[in-house]
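S.K.: Below you will find the structure I want to go over with you.
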Amino acid sequence: MNDFQLENPATYDVTPAAAAEMQEQLAKLVSLEDDFGPILRIAGVDVNIARGWDTGTCGIVVLSYPDMRAVETTEYTGPVKFPYIPGLLAFREIPLLLGAFKQLRHTPDMLFLDGHGLAHPRRFGLACHAGLALNMPAVGIAKSRLIGHYEEPGFESGSASPLLDEAERIGDVLRTKDGVKPIFVSPGHRVSFEAAIRLALECTRRYRVPEPTRLAHNLVSSR
């Protein structure tokens, strides 16, 4: 289980069956305990790969915390070899993320990823994968549900309800602004459910989506 070299892009040149098995094994290493010090910078990460593309781009936006001022942005474009398979998209995206991360001049203290963390069929979404690969605290911020069921949170900003797979809590459904559609927040690695919600709210400004992932999405979507 510990032999996977997650920081090596060659690790992701595997079959879909092997990728699913890797997720099941690595999910056992995910920590849901808060394991981070003072946060000075939060990085938002998004990857843009359309189905059928043979290249993709990862964008990273580093913001100061808590004031959300821009510190640095970077983009990395590279080849995509893994097929488009829902639930295994991290195997298309992580090599691009690793390439972008190596270009950063400012190391963030926390990652926000446009995607899911624990809220994944094998409890190993993109935020879990990135958190383990980089050994960093990470949170998944998604605009839509992948799996699970929930009760609609209250109308007010800050209202939340658990996202459940049967009886297991896999994330939270969070209303970031009064009356707007909620987002789906799930821990990736070294972050608790409660801290993930708190940080998502603290990083929200004028828009529904927290600034780190909103700006990262805008960066790669403008290509």
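S.K.: Calculate, in nm to one decimal, what Thr107 and Arg122 gain on full extension: separation in residues at 0.36 nm each, minus their alpha carbon distance.
M.R.: Result: 2.5 nm gained on full extension.
S.K.: Same structure, new question: Kindly provide the helix-only [θ] at 222 nm of the chain, computed as the sum of -39,500 (n - 2.57) over DSSP H runs of four or more divided by all residues, to the nearest 500 deg cm²/dmol?
M.R.: Per the formula, -7500 deg cm²/dmol.
S.K.: By count of other Cβ within 10 Å, fewest leading, how are Arg105, Arg214 ordered?
M.R.: Lowest to highest Cβ neighbour count: Arg105, Arg214.
S.K.: Here's another thing I want to ask about it. Gain in length, Glu168 to Asp35, computed as 0.36 nm per residue apart minus the alpha-carbon separation, to one decimal in nm?
M.R.: Stretched fully, the Glu168-Asp35 segment lengthens by 45.7 nm.
S.K.: Then there's this: Among Gly158, Gly37, Gly140, which one shows the biggest mean-square fluctuation in a GNM of the chain, springs joining Cα atoms closer than 10 Å?
M.R.: Gly37
S.K.: Just how large is the dipole of region 99-223 about the Cα centre, in debye to the nearest 20, putting +1 at every Lys and Arg Cβ and -1 at every Asp and Glu Cβ?
M.R.: 600
S.K.: Mind giving me the nanometre distance, one decimal, between the label points for Thr15 and His149, set 7 Å out from Cα along Cα→Cβ?
M.R.: Using points 7 Å along Cα→Cβ, the separation is 3.5 nm.
S.K.: In addition: Could you grab the relative contact order for region 1-79? Cα pairs under 8 Å, six or more apart, rounded to a whole percent.
M.R.: So the answer I get is 19 percent.
S.K.: Still on this model: Between Ala50 and Glu24, what is the label-point separation in nm under the 7 Å Cα-to-beta-carbon projection?
M.R.: Reported label-point gap for Glu24 and Ala50 is 3.6 nm.
S.K.: Something else: In debye, nearest 20: dipole of region 9-221 around its Cα centre with unit charges on the Cβ of K, R (+) and D, E (-)?
M.R.: 500
S.K.: Still on this structure: Within straight cross-link reach of Lys102, meaning Cα distance under 30 Å, which lysines are found once same-chain residues fewer than 8 apart are removed?
M.R.: Output for Lys102: Lys28, Lys81, Lys143.
S.K.: Given contacts defined as C-alpha pairs under 8 Å and at least six residues apart, what's the relative contact order of the chain, whole-number percent?
M.R.: 22
No value in this document is a laboratory result; all are computed from the given coordinates. Bear in mind that the values here come from a model prediction, so they are computed numbers and not experimental data. Reconstructed Cβ throughout: ideal geometry from the backbone, glycine too, with neighbour counts over all protein chains shown.
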